[in-house]
Amino acid sequence: MDLKDKLLSSFLAFENNVDLNSPVHDVRSEAIKNFETKGFPSKKEEAWKYTSLNNLQKIDFSVFPKQETVLDYKEIKKYFLHEIDTYKIVFVDGVYSSYLSETTHDGVDVCLMSAALTKPQYRQVIDVYFNKVASKDESLTTLNTAFSREGAFIYIPKNKVPKKPIQILHLATGNEAALMLQPRNLVIAEENAEVQVIERHQSLTGNEVLTNSVTEIFAAQDAIVDYYKVQNDLDTASLIDNTYIAQKDRSVVRVHTFSFGGKLTRNNLNYYQNGERIDSTLKGVTILGDKQHVDHHTLVHHAQPNCESHQDYKGVFGDRSTGVFNGKIIVDKIAQKTNAFQQNNNVIISDKATVNTKPQLEIFADDVKCSHGCTIGQLDEDAMFYLQSRGIPKKEARALLMYAFANNVLESVRIPELKARINALIAKKLGVRVGFEL
Amino acid sequence: MAYTEEELKKELETKEYEYGFYTDIESETFPKGLSEEIVIAISKKKEEPEWMTEWRLEAFRVWQQMEEPEWANVTYKKPDFQDISYYSAPNKKPKYESLDEVDPELLATFEKLGISLEEQKKLAGVAVDIVMDSVSVATTFKKTLAEKGIIFCSISEAIQEHPELVKKYIGSVVPQKDNFYAALNSAVFSDGSFCYIPKGVRCPMELSTYFRINQAGTGQFERTLVIADEGSYVSYLEGCTAPSRDENQLHAAVVELIALDDAEIKYSTVQNWFPGDKEGKGGVFNFVTKRGLCEKNAKISWTQVETGSAVTWKYPSCVLKGDNSIGEFYSIAVTNNFQQADTGTKMVHLGKNTKSTIISKGISAGQSQNSYRGLVQVNSRAENARNFSQCDSLLMGNRCGAHTFPYIEAKNKTAQIEHEATTSKIGEDQIFYCNQRGIDTEKAIALIVNGFSKEVLNKLPMEFAVEAQKLLEISLEGSVG
């Protein structure tokens, strides 16, 4: 039985398990219908031209984990940003682990999707926001919608700021030979609210894991959302990360994606600007080796005047890794005075690595400033020579240059401890200790 | 005289296609529709050898299995391929040695177009292979060229007289099954140009063909094959104007360039087919496959100025097969009213130390859509490949659109690829600056557009550059609101 059939048949069992009277029931049934018609995307589709899911579909994933596992905090401490105090929402094999987590309802809601979907006090919020910006058409998103039950739910009311950043951690223990996870997150920042979220998916053993995650982010007027995605998983873990962001007037949403590992990572990052003077920032650092594959697929839809978007993706590709960047900017007719910038720079450091990039502009307004730039190249030989002539060994010199290359993406990271952590990760990835912090 | 914007707009909207006239020349036209019989009939009509008929039929069979591509960023009513007549040739077709023998009516047509053969012969030094509804009716300067060993004739003549060259190279760069329209063209092409430059010869003049679509309801399927043998050089021009028509005309041409070791081909196009009226009615569908193959140290340079056609779908490409080969693409695409253009290039780097340059300028006005679609591909063996791409778009008014779809695929670590794109409009301050100095708005726009497209215009041969500059002005006058 292929994965699609398996998912379709397990949907019936899933439905019986959850509350059939829940308001999301119709949404789920609608979504599964769409997935049934569309199936998994194939390379024939333009959006999936460079990423194939064929091999993943051959694996016999179990859709529901059979047993719960208790993990010791010590074992997994390193996956947390433990240097600072944070709220934590931790899932082990897709099941919430209250023992490892720290949630709150004090002024702000940092809790579970399952609670939000079932408890009456959240009914109104769910009605207004759930599945409102996520695509009802894209097959993998609707697959997630159909199975949406668990994930993080973050609600920041007007003028509130949570005391500390929020960490979402998904752990896979490898109890199943192959496990498919479908977390669903909802982040809402009401007017003038502010929130910082760090999300990470981590597999703990060499067993196959496929995560098809959907995150919806809503930023109301003047809200500020910082979202950090840390992707440094094992070579048996695949991640399809769909993020949908709806912004209103003067809001700021910044998403940073750090891709350092995983077998196949696909990031679908979609911004919809539904107001004026919005700032959208999308940044990413990708450093790959082995046979890893990362596909960044971004969309920024400028639908109102006077907005800005800034995209900056850097990639370093070694061994047999492949990197894809597909960035689309749409500027509607009425979105005059839009400033949209996009930058994608890649360095290939091995003979077998491949980079495919497609920066794309679709512009319907005339009074705009839009640009995209994209490069594929190597490290500057003159710079290498300069460093070497000053006694810096070749390896360090190379790492130093790549470090500098990737580093300006980190400038906008607003949690210093996270910045340090990412810096360390980059240094480790490049196989060098630089011995200082940039 | 100072125009107000409103007046300007009005004048432009009412400005009819200047070259919209229709010459009634008795011509022989096949019944509408496409079948194996028609393909065979076309081949027979042209007295082609059997291998050619077979080649056409092979293409036709492949075409039947294919579907029309839909990926381009254009929308149009698909042509009904059974409602087109696939062959039409001016009836009187003996070959002329001098202009006096040419049908006077035909000559009058050319005069209206401003292409006086006489003048061109004397002044421009251009050998013209005029294609009037598919069959070459006049070829000048053939003798001069023959002395150098250069073959410049219609493709049907080449099939007759130089079958070994045609057989060897036709379909070698654009195979029959390359794409839907290339397959269609391979099956039914009626005529086109053939050019062969022998080893080490530098072609002494610019070769040029003027294409015209004349007969109502006949699509034109031109086939051009240019072969530059080792160490040779040729500059080839292609320019087009077409009469105004209500019904959509289909044009699916195939151009193949082959540059052998150390050869250089410069191919320039000015395309000004009927773009449809201001309501977007009518106009030519232009679905063209152009591709060049570069062997060692060879260079192919495409330059194009696209101002006409209702729908354009065109990607002049270079396959950089040999080491140290160079591909260049310079393009200006102007769309106005309801025109749609999806154009760009493909640079496929296969050999070592290959270089490519892409400069694309898109100008959209009215309610038109202008897309750049390009591919830069560096294969794993293409050491030290270098590419520079620049796509700039200029938008006039807020009802048009500019799009870029650049694909960049690198499989080699020594590749250096740069791509930049910008989108902007003509600034009010720029216009104000010109106005202040006594230049009226219309002229100012022409000036700015000219500056914007300078990089590409400079690449055109002299004769064309002047024509192209005029075309830009005509196509864009008053479109700033």
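The values are calculated or read from the model by the stated rules, or taken from the named source; none is laboratory data. Note that the coordinates shown come from a computational prediction; the quantities given were computed from them, not determined experimentally. Ideal geometry is used to build each Cβ from the backbone, glycine not excepted, and the neighbour counts take in all protein chains shown.
Please indicate, with yes or no, whether at least one residue in region A:55-68 is under 30 Å from A:Ala116 (Cβ atoms), charged (D, E, K, R) and either free of Cβ contacts under 8 Å to residues at least 40 places away in the same chain or surrounded by 12 or more Cβ atoms within 10 Å (Cβ to Cβ) (or both).
Residues of region A:55-68 under 30 Å from A:Ala116 (Cβ atoms): A:56, A:61-68.
Adding the requirement that they be charged (D, E, K, R) leaves A:66, A:68.
If we keep only those that are either free of Cβ contacts under 8 Å to residues at least 40 places away in the same chain or surrounded by 12 or more Cβ atoms within 10 Å (Cβ to Cβ) (or both) as well, we get A:68.
Yes, because at least one residue in region A:55-68 is under 30 Å from A:Ala116 (Cβ atoms), charged (D, E, K, R) and either free of Cβ contacts under 8 Å to residues at least 40 places away in the same chain or surrounded by 12 or more Cβ atoms within 10 Å (Cβ to Cβ) (or both).
Report every pair of residues separated by at least 6 positions or lying on different chains whose Cβ atoms are under 7 Å apart, first residue within region A:72-94 and in the same structural domain as A:Ser114 (by TED's automatic domain parsing) and charged (D, E, K, R), second part of a strand (DSSP E or B) and surrounded by fewer than 21 Cβ atoms within 10 Å (Cβ to Cβ).
Qualifying pairs under 7 Å: A:Lys88/A:Glu102.
What are the residue pairs meeting all of these: first residue in region A:330-344, first residue among the acidic types (Asp, Glu), second residue at pLDDT 90 or above, Cβ atoms under 7 Å, and 6 or more apart or on different chains?
Filtered contacts from region A:330-344: A:Asp332/A:His302; A:Asp332/A:Ala303.
Please find, within region B:50-103, the residue that is modelled with the lowest pLDDT out of those that are buried (at least 16 other Cβ atoms within 10 Å of the Cβ) and among the β-branched types (Val, Ile, Thr).
B:Val102
Please identify the pairs in which a residue from region B:316-328 that is assigned to a loop (DSSP other than H, G, I, E, B) has its Cβ atom under 7 Å from the Cβ atom of a residue that is basic (Lys, Arg), counting only partners at least 6 apart or on another chain.
From residues that are assigned to a loop (DSSP other than H, G, I, E, B), the pairs are B:Pro316/B:Lys290; B:Gly322/B:Lys296; B:Asp323/B:Lys296; B:Asp323/B:Lys352; B:Asn324/B:Lys296; B:Ser325/B:Lys296; B:Ser325/B:Lys299.
Residue check: is A:Ile245 closer than 14 Å to A:Asp295 by Cβ, assigned to a strand (DSSP E or B) and of a type in the set (A, V, I, L, M, F, W, C)?
Numbers: closer than 14 Å to A:Asp295 by Cβ: no; assigned to a strand (DSSP E or B): yes; of a type in the set (A, V, I, L, M, F, W, C): yes.
Here the answer is no, as A:Ile245 does not meet what is asked.
Could you tell me which residue of region B:378-388 is nearest to the chain's Cα centre (by Cα), considering only residues that are facing another protein chain (nearest Cβ under 9 Å) and either crowded, with 23+ Cβ neighbours inside 10 Å or under 23 Å from B:Gln430 (Cβ atoms) (or both)?
Of all residues in region B:378-388, those facing another protein chain (nearest Cβ under 9 Å) come to B:378, B:380, B:387.
Filter again for either crowded, with 23+ Cβ neighbours inside 10 Å or under 23 Å from B:Gln430 (Cβ atoms) (or both), leaving B:378, B:387.
Working: B:Val378: 26, B:Asn387: 23 Å.
Only one residue tops the list, namely B:Asn387.
In region A:321-335, which residue that is aliphatic (A, V, I, L, M) and within 9 Å of chain B (Cβ to nearest Cβ) is farthest from A:Phe260 (Cα to Cα)? Don't jump to the end; show me each part of the working.
We begin by selecting, within region A:321-335, every residue aliphatic (A, V, I, L, M); these are A:324, A:329-331, A:334-335.
If we keep only those that are within 9 Å of chain B (Cβ to nearest Cβ) as well, we get A:331, A:334.
Details: A:Val331: 32, A:Ile334: 39 Å.
Only one residue tops the list, namely A:Ile334.
Would you mention how many residues in region B:255-273 are surrounded by fewer than 24 Cβ atoms within 10 Å (Cβ to Cβ) and in contact with a Pro (Cβ under 9 Å, 6 or more places away or on another chain)?
Of the residues in region B:255-273, 2 are surrounded by fewer than 24 Cβ atoms within 10 Å (Cβ to Cβ) and in contact with a Pro (Cβ under 9 Å, 6 or more places away or on another chain).
Kindly provide the set of residues from region B:143-162 that are of a type outside the set (S, T, N, Q) and within 16 Å of B:Asp191 (Cβ to Cβ), ordered by number. Before you say what the answer is, go through the steps one by one.
First pass over region B:143-162, keeping only residues of a type outside the set (S, T, N, Q): B:143, B:145-153, B:155, B:157-159, B:161-162.
If the condition is that a residue be of a type outside the set (S, T, N, Q) and within 16 Å of B:Asp191 (Cβ to Cβ), then B:Ile151, B:Phe152, B:Cys153, B:Ile155, B:Glu157, B:Ala158, B:Ile159, B:Glu161, B:His162 are the ones that fit.
Taking region B:389-398 only, how many residues are surrounded by fewer than 22 Cβ atoms within 10 Å (Cβ to Cβ) and at the interface with another protein chain (Cβ under 7 Å from one of its Cβ atoms)?
Summing the residues that are surrounded by fewer than 22 Cβ atoms within 10 Å (Cβ to Cβ) and at the interface with another protein chain (Cβ under 7 Å from one of its Cβ atoms) in region B:389-398 gives 2.
Regarding region B:424-433, can at least one residue be identified that is more than 25 Å from the chain's Cα centre (by Cα), in contact (Cβ under 8 Å) with a residue 24 or more places away in the chain and in a loop (DSSP other than H, G, I, E, B)?
Our first condition is that a residue be more than 25 Å from the chain's Cα centre (by Cα); within region B:424-433, this holds for B:424-433.
Okay, now just the ones that are also in contact (Cβ under 8 Å) with a residue 24 or more places away in the chain, so B:424-426, B:431.
Going one step further and asking which of them are in a loop (DSSP other than H, G, I, E, B), we end up with B:426.
Checked against the condition, which is being more than 25 Å from the chain's Cα centre (by Cα), in contact (Cβ under 8 Å) with a residue 24 or more places away in the chain and in a loop (DSSP other than H, G, I, E, B), region B:424-433 yields at least one hit.
Every residue in region B:357-372 that is surrounded by fewer than 24 Cβ atoms within 10 Å (Cβ to Cβ) and within 10 Å of another protein chain (Cβ to nearest Cβ), please.
B:Gln369, the sole residue that qualifies.
Every residue, every condition in (1) in contact with a helix residue (DSSP H, G or I) (Cβ under 7 Å, 6 or more places away or on another chain); (2) more than 22 Å from A:Tyr403 (Cβ to Cβ); (3) of a type in the set (Ser, Thr, Tyr); (4) without any contact (Cβ under 8 Å) to a residue 24 or more places away in the chain, yes or no:
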residue	(1), (2), (3), (4)
A:Thr236	no, yes, yes, no
A:Ile240	yes, yes, no, no
A:Asn270	no, yes, no, no
A:His297	yes, yes, no, no
A:His302	no, yes, no, no
A:Pro305	no, yes, no, no
A:Gly327	no, yes, no, no
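On the basis of being closer than 27 Å to A:Asp249 by Cα and either out of contact with any strand residue (DSSP E or B) (no Cβ under 6 Å at 6 or more places or on another chain) or not assigned by TED's automatic domain parsing to the domain that holds A:Ser238 (or both), does A:Leu361 make the cut? Reasoning before the result, please.
Details: closer than 27 Å to A:Asp249 by Cα: yes; either out of contact with any strand residue (DSSP E or B) (no Cβ under 6 Å at 6 or more places or on another chain) or not assigned by TED's automatic domain parsing to the domain that holds A:Ser238 (or both): yes.
Against the criterion (closer than 27 Å to A:Asp249 by Cα and either out of contact with any strand residue (DSSP E or B) (no Cβ under 6 Å at 6 or more places or on another chain) or not assigned by TED's automatic domain parsing to the domain that holds A:Ser238 (or both)), A:Leu361 qualifies.
Looking only at region A:336-344, decide whether some residue is within 13 Å of another protein chain (Cβ to nearest Cβ), closer than 19 Å to B:Thr414 by Cα and surrounded by 24 or more Cβ atoms within 10 Å (Cβ to Cβ).
Within region A:336-344, the subset within 13 Å of another protein chain (Cβ to nearest Cβ) is A:336-344.
Subsequent filtering for residues that are closer than 19 Å to B:Thr414 by Cα retains A:344.
After this cut, where a residue has to be surrounded by 24 or more Cβ atoms within 10 Å (Cβ to Cβ) as well, the list is A:344.
Within region A:336-344, one or more residues are within 13 Å of another protein chain (Cβ to nearest Cβ), closer than 19 Å to B:Thr414 by Cα and surrounded by 24 or more Cβ atoms within 10 Å (Cβ to Cβ).
Would you mind stating whether B:Thr354 is farther than 30 Å from B:Phe285 by Cα, crowded, with 24+ Cβ neighbours inside 10 Å, modelled with pLDDT of 90 or more and more than 10 Å from chain A (Cβ to nearest Cβ)? Spell out the reasoning first.
On the way: farther than 30 Å from B:Phe285 by Cα: yes; crowded, with 24+ Cβ neighbours inside 10 Å: yes; modelled with pLDDT of 90 or more: yes; more than 10 Å from chain A (Cβ to nearest Cβ): yes.
The answer is yes for B:Thr354.
Test each condition in (1) more than 10 Å from every other protein chain (Cβ to nearest Cβ); (2) more than 23 Å from A:Leu288 (Cα to Cα); (3) aliphatic (A, V, I, L, M) for A:Leu361 and report the one that comes out false.
If we test A:Leu361 against (1) more than 10 Å from every other protein chain (Cβ to nearest Cβ); (2) more than 23 Å from A:Leu288 (Cα to Cα); (3) aliphatic (A, V, I, L, M), just (1) comes out false.
Quick one: B:Gln430 ticks every box in (1) more than 29 Å from B:Ser356 (Cα to Cα); (2) at the interface with chain A (Cβ under 10 Å from one of its Cβ atoms); (3) modelled with pLDDT of 85 or more bar one, so which box is it?
All conditions pass for B:Gln430, except number (2).
On the basis of being in a loop (DSSP other than H, G, I, E, B) and in contact with a helix residue (DSSP H, G or I) (Cβ under 6 Å, 6 or more places away or on another chain), does B:Lys278 make the cut?
yes
Which of the residues belonging to region B:334-361 are in a loop (DSSP other than H, G, I, E, B) and of a type outside the set (A, V, I, L, M)?
Scanning region B:334-361 gives B:Asn336, B:Asn337, B:Phe338, B:Gln339, B:Gly344, B:Thr345, B:Gly351, B:Lys352, B:Asn353, B:Thr354.
Taking A:Asn212 as the residue in question, decide whether it is of a type outside the set (A, V, I, L, M, F, W, C) and assigned to a loop (DSSP other than H, G, I, E, B). Break it down stepwise before answering.
Details: of a type outside the set (A, V, I, L, M, F, W, C): yes; assigned to a loop (DSSP other than H, G, I, E, B): no.
In short, no.
For B:Ile408, indicate whether it is at the interface with another protein chain (Cβ under 9 Å from one of its Cβ atoms), aliphatic (A, V, I, L, M), within 17 Å of B:Tyr315 (Cα to Cα) and surrounded by 21 or more Cβ atoms within 10 Å (Cβ to Cβ). Give the steps one after another, and end with the answer.
On the way: at the interface with another protein chain (Cβ under 9 Å from one of its Cβ atoms): yes; aliphatic (A, V, I, L, M): yes; within 17 Å of B:Tyr315 (Cα to Cα): yes; surrounded by 21 or more Cβ atoms within 10 Å (Cβ to Cβ): yes.
Yes.
Condition check: of a type outside the set (D, E, K, R), under 30 Å from A:Asp127 (Cβ atoms) and outside any strand (DSSP E or B). Does A:Gly275 satisfy that?
Working: of a type outside the set (D, E, K, R): yes; under 30 Å from A:Asp127 (Cβ atoms): yes; outside any strand (DSSP E or B): yes.
When the stated conditions are applied, A:Gly275 passes them.
Take region B:376-397 and flag every residue that is touching a residue at least 60 places away in the same chain (Cβ under 8 Å) and part of a strand (DSSP E or B).
Once the filter is applied, which keeps residues that are touching a residue at least 60 places away in the same chain (Cβ under 8 Å) and part of a strand (DSSP E or B), region B:376-397 yields only B:Asp392.
Return yes when A:Ile89 is closer than 18 Å to A:Pro183 by Cα and in a helix (DSSP H, G or I) and no when it is not.
Numbers: closer than 18 Å to A:Pro183 by Cα: yes; in a helix (DSSP H, G or I): no.
Judged against the criteria, A:Ile89 is not a match.
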